[in-house]
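Chemist: Just dropping this structure here.
Here, each number is a calculation from the coordinates, and none is a lab measurement. As the structure is a prediction and not an experimental result, all values here were calculated from the model. Glycine gets a Cβ as well: all are built from the backbone with ideal geometry, and neighbour counts include every protein chain shown.
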Amino acid sequence: MRCPACGHEDDKVVDSRSVRDGMGVRRRRECTGCHQRYTTYEFIEQTPVLVIKKDGQRQAYERDRILTGLVKACEKRPISRQQLEELVDEVERVLLADGRSEIPSREIGEAVMNRLQSLDEVAYVRFASVYRSFRDVNQFMEELRGLLQEKRRES
């Protein structure tokens, strides 16, 4: 591993920890040349997964796209980045576990919304409004009514 500070190619591992439920390793390293510390991550290389969009186009799955949408939906809400990372980890575990090489975007969006709804209802409605492309206030209200009916059934 090349040091990002000085370019020296020799380092030592100071600390290793499991991340993403054992799917990766986080390592703290120290350059033996300049003694700068830095962090590296190792993950199992998986076969690329394609997302089938609503219009039939296919594009590479990008975890960061989901996280970006969640961060926007959860803006000014009491939800930590760690909770969002765990939500995406769970979605990935479920959807990618069966080894499919193509997954409809609808499945990904629904899986995210199901988990987000139990985490924070306001963030859920925000995410749903973008994901489902609400065209007017009536669609927004329908989603809220459904959410309220579900809460009443649970009570």
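Chemist: At 7 Å along the Cα-to-beta-carbon direction for both R93 and M23, put a label point, then send me their distance in nm to one decimal.
Modeler: 0.9 nm
Chemist: Compute the helix-to-body angle for 63-73: its Cα long axis versus the longest principal axis of the chain, expressed 0 to 90° and rounded to tens.
Modeler: In the chain, helix 63-73 runs at an angle near 50 degrees to the longest axis.
Chemist: Can you give the Rg to Rh ratio for the range 1-91, taking only C-alpha atoms and Rh from Kirkwood?
Modeler: 1.09
Chemist: Right, next: Going toward the positive end of the dipole of the range 50-154, with +1 on Lys and Arg Cβ and -1 on Asp and Glu Cβ, which of V51, C74, L96 do you reach last?
Modeler: C74
Chemist: State the extension gain, in nm to one decimal, for the chain segment bounded by T39 and Q82, taking 0.36 nm per residue of separation less the distance between their alpha-carbons.
Modeler: The T39-Q82 span can extend by a further 13.7 nm.
Chemist: Follow-up. Give the angle, between 0 and 90 degrees and rounded to the nearest 10, that separates the Cα long axis of helix 81-96 from the longest principal axis of the Cα atoms of the chain.
Modeler: 80 degrees
Chemist: About its Cα centre, what dipole magnitude does the range 1-88 give when the only charges are +1 on Lys and Arg Cβ and -1 on Asp and Glu Cβ, stated in debye to the nearest 20?
Modeler: The calculated dipole for the range 1-88 is roughly 380 debye.
Chemist: Binning at 10 Å from 0, report for the range 50-154 what percent of all alpha-carbon pair distances ends up in each bin.
Modeler: 13, 44, 34, 9
Chemist: Also, I was wondering about something else. Working from Cα positions, state the angle (0 to 90°, nearest 10) between the long axis of helix 137-154 and the longest principal axis of the chain.
Modeler: 90 degrees
Chemist: Using θ = phi - 60° and the Karplus form 6.51 cos²θ - 1.76 cosθ + 1.60, what ³J(HN,Hα) does each residue of the range 110-119 get, whole Hz, x for Gly and Pro?
Modeler: Result, ordered by residue: 5, 5, 5, 5, 4, 6, 5, 4, 6, 7 Hz.
Chemist: Taking 0.36 nm per residue of sequence separation and subtracting the Cα-Cα distance, how much length would be gained by fully extending the chain between K151 and N138, in nm to one decimal?
Modeler: Contour length minus Cα-Cα distance gives 2.7 nm.
Chemist: If the reach is capped at under 28 angstrom between alpha carbons, list the lysines near K76, excluding any in the same chain fewer than eight residues apart.
Modeler: Excluding near neighbours in sequence, the set is K151.
Chemist: What number, rounded to the nearest 500 deg cm²/dmol, is the helix-based mean residue ellipticity at 222 nm of the chain, given -39500 (n - 2.57) per DSSP H run of at least four residues and division by all its residues?
Modeler: Computed mean residue ellipticity for the chain: -15000 deg cm²/dmol.
Chemist: Amide H neighbours of D11 under 5 Å, counting only residues 5+ apart in sequence or on other chains, H built in-plane at 1.01 Å?
Modeler: T32
Chemist: Can you tell me which lysines have their Cα less than 27 Å from the Cα of K54? Leave out same-chain residues fewer than eight positions away.
Modeler: Of all the lysines, those that pass the test against K54 - Cα under 27 Å, at least 8 places apart if same chain - are K72.
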